[in-house]
Amino acid sequence: MTLLKSVNVLWISKLPNLVRVGLAHSKLANDPMQVFQALPSLQDLFLFVTSVVEQLCFGATGFQKLKRLRLIDLIGLKRVKIEDGTLPLLEKLMIGLCPQLEELPSGIRHLSKLTTLTFIDLQEELKLSMIPDQGRNFEIVKHIPYIHFLES
């Protein structure tokens, strides 16, 4: 197993046909999304215990074919920023074991193809914020047919 401190943009950009990436136990210090969004064929991205990054940003022009995104055990993650225009084909989003997560991913309301949103060990306050017709975040997730809350 190789521990990565950074993802080399030049190396990864030479893989235009890559459709699936899984990155585990890498302890990245910087947001790797700028690198991964340059992969034009990427459909499935899985980050597991990969980062001490506080924020992941999905830029407006990236991830045009991504269908599945899993962010698991990112202990330092506080925010996920999803810019309008990114992730237009995303169907499944899983976020779990991110104890520092302060808010739902910004821009989640723009993910019109999202059918399944799964959280693992989400803070109770965030769960309650999605209660139908009552929660402060219900309006931004009401278009998602399936929202699951799992406990580890």
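The values are calculated or read from the model by the stated rules, or taken from the named source; none is laboratory data. These figures come from a predicted structure and were not determined experimentally. Heads up, the Cβs are rebuilt from the backbone with ideal geometry, glycines too, and the neighbour counts pull from every protein chain shown.
Which residues, taken from the stretch 127-139, are touching a Gly at 6+ places or on another chain (Cβ under 9 Å) and surrounded by 17 or more Cβ atoms within 10 Å (Cβ to Cβ)?
S129
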Single match in S112, S106, S152, S129 (criterion: small (G, A, S) and in contact (Cβ under 8 Å) with a residue 40 or more places away in the chain): S152
Number of positions in the stretch 81-95 that are under 19 Å from R20 (Cβ atoms) and not aliphatic (A, V, I, L, M): 4
Identity of the residue in the stretch 93-137, part of a loop (DSSP other than H, G, I, E, B) and acidic (D, E), that ends up farthest from V52 (Cα to Cα): D133
Test result for L18, touching a residue at least 12 places away in the same chain (Cβ under 8 Å) and outside any loop (DSSP other than H, G, I, E, B): no
Output for the stretch 73-106, where each listed residue is closer than 15 Å to H143 by Cα and buried (at least 19 other Cβ atoms within 10 Å of the Cβ): L90, L93, L104, P105
Flag for E54 being among the charged types (D, E, K, R), more than 20 Å from V19 (Cβ to Cβ) and surrounded by fewer than 16 Cβ atoms within 10 Å (Cβ to Cβ): yes
Leading residue by the ranking (modelled with the lowest pLDDT) among those in the stretch 4-15 that are part of a loop (DSSP other than H, G, I, E, B) and surrounded by 10 or more Cβ atoms within 10 Å (Cβ to Cβ): L4
Scan of the stretch 85-106 for residues that are touching a helix residue (DSSP H, G or I) at 6+ places or on another chain (Cβ under 9 Å) and at positive phi, ordered by number: G85, L87
